[in-house]
1. Could you check Leu142 against (1) within 14 Å of the ligand (Cβ to nearest atom); (2) buried (at least 18 other Cβ atoms within 10 Å of the Cβ); (3) under 13 Å from the mean Cα position of the chain (by Cα); (4) of a type in the set (A, V, I, L, M, F, W, C) and say which number it fails?
2. Mind checking which helices (runs of 4 or more DSSP H) fall wholly inside region 164-239 and carry at least 2 residues that are modelled with pLDDT of 95 or more and among the charged types (D, E, K, R)?
3. In this structure, does Ala157 turn out to be outside the structural domain of Leu107 (by TED's automatic domain parsing) and crowded, with 18+ Cβ neighbours inside 10 Å?
4. Just name the residue that is farthest from the ligand (Cβ to nearest atom) out of those in region 192-203 that are farther than 15 Å from Gly27 by Cβ and surrounded by fewer than 21 Cβ atoms within 10 Å (Cβ to Cβ).
5. How many residues does region 53-81 hold that are over 18 Å from Val132 (Cβ atoms), at pLDDT below 95 and part of a loop (DSSP other than H, G, I, E, B)?
6. For Thr228, which of the numbered conditions (1) without any contact (Cβ under 8 Å) to a residue 60 or more places away in the chain; (2) more than 16 Å from the ligand (Cβ to nearest atom); (3) of a type outside the set (A, V, I, L, M, F, W, C); (4) more than 24 Å from Asn40 (Cβ to Cβ) fails to hold?
7. Out of Pro130, Pro94, I need the residue that is in contact with a Ser or Thr (Cβ under 7 Å, 6 or more places away or on another chain) and either assigned by TED's automatic domain parsing to the domain that holds Ala51 or assigned to a helix (DSSP H, G or I) (or both). Which one?
8. When both residues are 6+ apart or on different chains and their Cβ atoms are under 6 Å apart, which pairs have a first residue that lies in region 25-36 and is assigned by TED's automatic domain parsing to the domain that holds Val198, and a second that is outside any helix (DSSP H, G or I)?
Amino acid sequence: MRKGKIQKDIKMPSMTKIRLFRRLLLGWYKNNGRIFPWRNKSATNYELIIAEILLQRTRAETVAEFYKDFVKRFPSWKKLAAARERDLSVFLRPIGLWRRRSRSLRLLANLISRRNGKFPRHREEINALPGVGQYIANAVLLFCYQKPQPLLDINMARVLERVFGPRKLSDIRYDPYLQYLSSIAVKCRKPRELNWAVLDLAAIICKDNEPRCNNCPLKIICSYRRKTITYKSKSGLLK
Ligand code: SF4
């Protein structure tokens, strides 16, 4: 997404606000980030990418319950490619869509194990892999090639929209504002941590129905909170 084109069409937040967003979030994450096995310093690229595939449409706490056993049973793309459907189903059935997930996981594992466990480097080639959408392609670039890419899902979208303002299109994959904003937001020295920080804030503080703004590290820069306070004060709800 090119900066010049986006800025011509859509008003983007200032870099000062984006820098503050990164700083406040990373500061909060240091003491409040969730601990998951795939976030260990020793996690391999295989373990990181498998985690992201399992996390799609599934709560992190649910994946954490079986993740260690999963990587013990299938410790590499090669072992995963050779997995029998009924062995995979033990892990995937509880998280839904298990037949579809198992099919695309084995197809992907087959391909990657034939490449000696290495993903392609270029986005077009990554996108062409079975079962790989924008989110997983970004995860591959982020974890395997240290590119600052956003793990943009509905949770990250919610935080960004509340802090910076709403998107224009309903599908986050095609919304140019969110796509550009998320890519700039994670463009820092610690893109992994920044991504995890946003996702953790969405899970712990900036919840869908009940944002806990008073406990939020971003409250001083958040548009949603400012509007809520203005509305409450105008309608006499703030004493
Ligand atoms: S201040 Fe409230 S709405 Fe804004 S990011 Fe924090 S929890 Fe979410």
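The values are calculated or read from the model by the stated rules, or taken from the named source; none is laboratory data. For clarity, every value in this text was computed on a predicted model and none was experimentally measured. Reconstructed Cβ throughout: ideal geometry from the backbone, glycine too, with neighbour counts over all protein chains shown.
1. Leu142 satisfies every listed condition except (1).
2. 191-204
3. In short, yes.
4. Applying the filter and picking the extreme gives Arg192.
5. Qualifying residue count, region 53-81: 1.
6. (2)
7. Answer to the check: Pro130.
8. Trp28/Pro217
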